[in-house]
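Remarks on the structure that follows.
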Amino acid sequence: MQQGRRKFIKVGLAGGAALVTGCATDTSDATPGSGSTSLRSDGPIILSTWEHGLSANAKAWEVMQGGGSVLDAVEQGVAVVESDFTNRSVGLGGRPDRDGKVTLDACIQDHNGRAGAVAFMQHFEHPISIARAVMERTPHVMLAGIGAERWATENGFTPKEMEIPEVRTEWLDWLKKSEYKPIANIENHDTIGMIAMDRNGQLAGSCTTSGMAYKIHGRVGDSPIIGAGLFVDGESGAACSTGVGELVIRTAGSHTVVELMRAGMDPTEACKEAVRRILRQVPENKGMQVGFLALRKDGAYGGWSVYNGFNYALKTTTLDKLIEPGSDRTWE
Ligand code: ASP
């Protein structure tokens, strides 16, 4: 891969490539729906879901610039958002389930498909780091619930208790009607999924969330499930998702995106097809947002969502910005 000189190639939706050689300008911008074609970047690149991805990308970039691996970068990048206790959808600052418990899901995967995950776990600031430790220190991929908490404690992670009065008050208000609405929109800005490639073309990805607010105690979404919330395959590319996890699990969403890229599909088209599989399964879908991001191993990237309003943070050598990809539907 050519280093030191940025090239962006606007890839046509049918997969054909119109070359804009030597051009350091990205033709996408944050105008709603403007990111509806794929672009390509040589060299390191990081994509993260939602606006909180900007700070995560900044950290991940710093890690890679400092000589850390792309796996270090995706772990430490999303850990920034886990430590932001004003974030209501990631980490211990997240909204609780209907029993008032904040339960966390996370996973991580490297270029060679090695993976680690934790699900339905309470009391730890950095589930992403525990997921990585599961990958590196156990023969397993996923630990869940009390077992995950016990293993984490025994393996050097320190539990943290946190009660945020505002979160508790909101939960108590919610309990009055106890209406569960699986809506994941721009206001409650969601899970962080990150996919990245280093200067040598090595891929990695991470995903971490407190899940859908007021879910049933014990519910696990797509975010810790390899193939659903995240999938990385060094031969093909990486993808991650955000939104209503049940829809993503039912379609093995991120795996679908990566396999479509393996079959030659453009990243944006692959995300679009994954969204359309969801819509074919649930055509009556009302307000259930899902967004996908995709990064092909040649540096082409894109995204797509069910509804408008989904955005992602992009970091390359020359770009640091939010992009709103295209969507099938608009909020009424
Ligand atoms: N995908 C997450 C879940 O279903 C929700 C989110 O993206 O915030 O738990």
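For this structure, a couple of remarks:
- Region 234-283, subset among the β-branched types (Val, Ile, Thr) and surrounded by fewer than 19 Cβ atoms within 10 Å (Cβ to Cβ), residue nearest to His111 (Cα to Cα): Ile249
- Some residue of region 71-79 being open to solvent by less than 10 Å² (accessible area, probe 1.4 Å), under 15 Å from the mean Cα position of the chain (by Cα), closer than 20 Å to Glu125 by Cβ and not β-branched (Val, Ile, Thr): yes
- Only residues that are open to solvent by less than 40 Å² (accessible area, probe 1.4 Å), of a type in the set (Asp, Glu) and under 16 Å from Arg219 (Cα atoms) were counted in region 80-106, giving 2.
- Selection of region 226-239 for residues being more than 10 Å from the ligand (Cβ to nearest atom) and touching a residue at least 40 places away in the same chain (Cβ under 8 Å) yields Ile226, Leu230, Phe231, Val232, Asp233, Gly234, Glu235, Ser236, Gly237, Ala238, Ala239.
- Number of the condition not met by Ala270 [criteria: (1) away from the ligand (no atom under 12 Å from the Cβ); (2) touching a His at 6+ places or on another chain (Cβ under 8 Å)]: (2)
- Scan of region 240-267 for residues that are free of Cβ contacts under 8 Å to residues at least 40 places away in the same chain and more than 16 Å from the ligand (Cβ to nearest atom), ordered by number: Val258, Glu259, Leu260, Met261, Arg262, Ala263
The values are calculated or read from the model by the stated rules, or taken from the named source; none is laboratory data. All values derive from a computational prediction rather than experimental measurement. Note that each Cβ is placed from the backbone with ideal geometry, even for glycine, and that neighbours are counted across all protein chains shown. Heads up: the accessible areas ignore ligands, DNA and RNA and are worked out on the full protein's heavy atoms, side chains in. Shrake-Rupley method; radii C 1.70, N 1.55, O 1.52, S 1.80 Å.
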